[in-house]
Amino acid sequence: MIDINPMVIFFAAIFTNNMILSNFLGMCSFIAVSNEIKTSLSLGQAVTFVLTFTTLLNYLVYHYIMVPLGIEYLRYIVFIIVIAAFVQLVEMIIDRYFQTLYYALGIFLPLITVNCAILGVSLFMVIRQYTLLQSLAFGVGSGLGWTLAIVMLAGIRQRIKKESTAKRIRRTWYHTYNYGPHGFGFCRILRYGSDSIRREIYDCYINASCRYFRHFGNIGPSTLHSE
């Protein structure tokens, strides 16, 4: 059992240990349903709701049924069954009372069942030996973090759609260069690297960026903001 404040786990699941941005779980619906902010927010709310209750249910099933019976090795199958049953229940409720949301989510609502972020939260809960309160905080925080990530991507995609083709190409090229491999590598360095390594890599990153902007000066940040 890990002695960590549940609030720490909650905020870490949203920002620093995000299911999408850090663990890369739940990428399928994250990419497919992030065309509009409204739909993304609705799906994020559904995922948060499912994550919260499936984490709680799987915790109770695991500790009060599976552990006493000595069948912990069946947790993958049991967790999937619990998640599938709960998602089916949620789908029937949304279909009955929220028709607009049901048609907006379409096929991706039942696909929440196979969203690996849902199963991942339950497995992390067991692996990290969280208590009931910690598991609940982790489930809610993971859902909110997933929602935050998909809404941010939907906002970016909506803004890109409204821009001209030339500006869209320039912006895509600029962000791909700066926030692609550089962004992931830089975040990992800030999280795991020592102070000396951080300073050295940061200097190399700045120098490389400066050389890039001198060579492609018309695609730099000043041009993007001025437009």
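The values are calculated or read from the model by the stated rules, or taken from the named source; none is laboratory data. Remember, it's a predicted structure, so these values are computed and weren't measured experimentally. So basically every Cβ, Gly included, is an ideal-geometry build from the backbone, and we count neighbours across all protein chains shown.
One line per residue, one yes/no per condition, for (1) farther than 28 Å from Met152 by Cβ; (2) touching a helix residue (DSSP H, G or I) at 6+ places or on another chain (Cβ under 7 Å); (3) among the hydroxyl-bearing types (Ser, Thr, Tyr):
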position	(1), (2), (3)
Lys38	no, no, no
Leu60	yes, no, no
Met66	yes, yes, no
Leu69	yes, no, no
Tyr73	yes, no, yes
Tyr76	yes, no, yes
Phe79	yes, yes, no
Leu101	no, yes, no
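Residues that are among the aromatic types (Phe, Trp, Tyr) and part of a helix (DSSP H, G or I) were ranked within the range 1-45; the one that is nearest to the chain's Cα centre (by Cα) is Phe30. Taking the listed residues Leu21, Leu43, the one that is within 25 Å of Gln158 (Cα to Cα), in the same structural domain as Tyr103 (by TED's automatic domain parsing) and crowded, with 22+ Cβ neighbours inside 10 Å is Leu43, with no other qualifying. Within the set Ala84, Ala13, Ala32, the sole residue that is small (Gly, Ala, Ser) and in contact with a Phe, Trp or Tyr (Cβ under 6 Å, 6 or more places away or on another chain) turns out to be Ala13. Residues that are without any contact (Cβ under 8 Å) to a residue 24 or more places away in the chain, assigned to a loop (DSSP other than H, G, I, E, B) and touching a helix residue (DSSP H, G or I) at 6+ places or on another chain (Cβ under 8 Å) within the range 122-163 comprise just one, Glu163.
Applying the set (1) more than 12 Å from the chain's Cα centre (by Cα); (2) closer than 15 Å to Tyr130 by Cα; (3) surrounded by 17 or more Cβ atoms within 10 Å (Cβ to Cβ) to His63 leaves exactly one unmet item: (3).
In the range 58-91, which residues are closer than 19 Å to Leu136 by Cα and not in a helix (DSSP H, G or I)? Across the range 58-91, there are no qualifying residues. Scanning the range 121-147 for residues that are surrounded by fewer than 18 Cβ atoms within 10 Å (Cβ to Cβ) and under 18 Å from the mean Cα position of the chain (by Cα) yields a single hit, Leu123.
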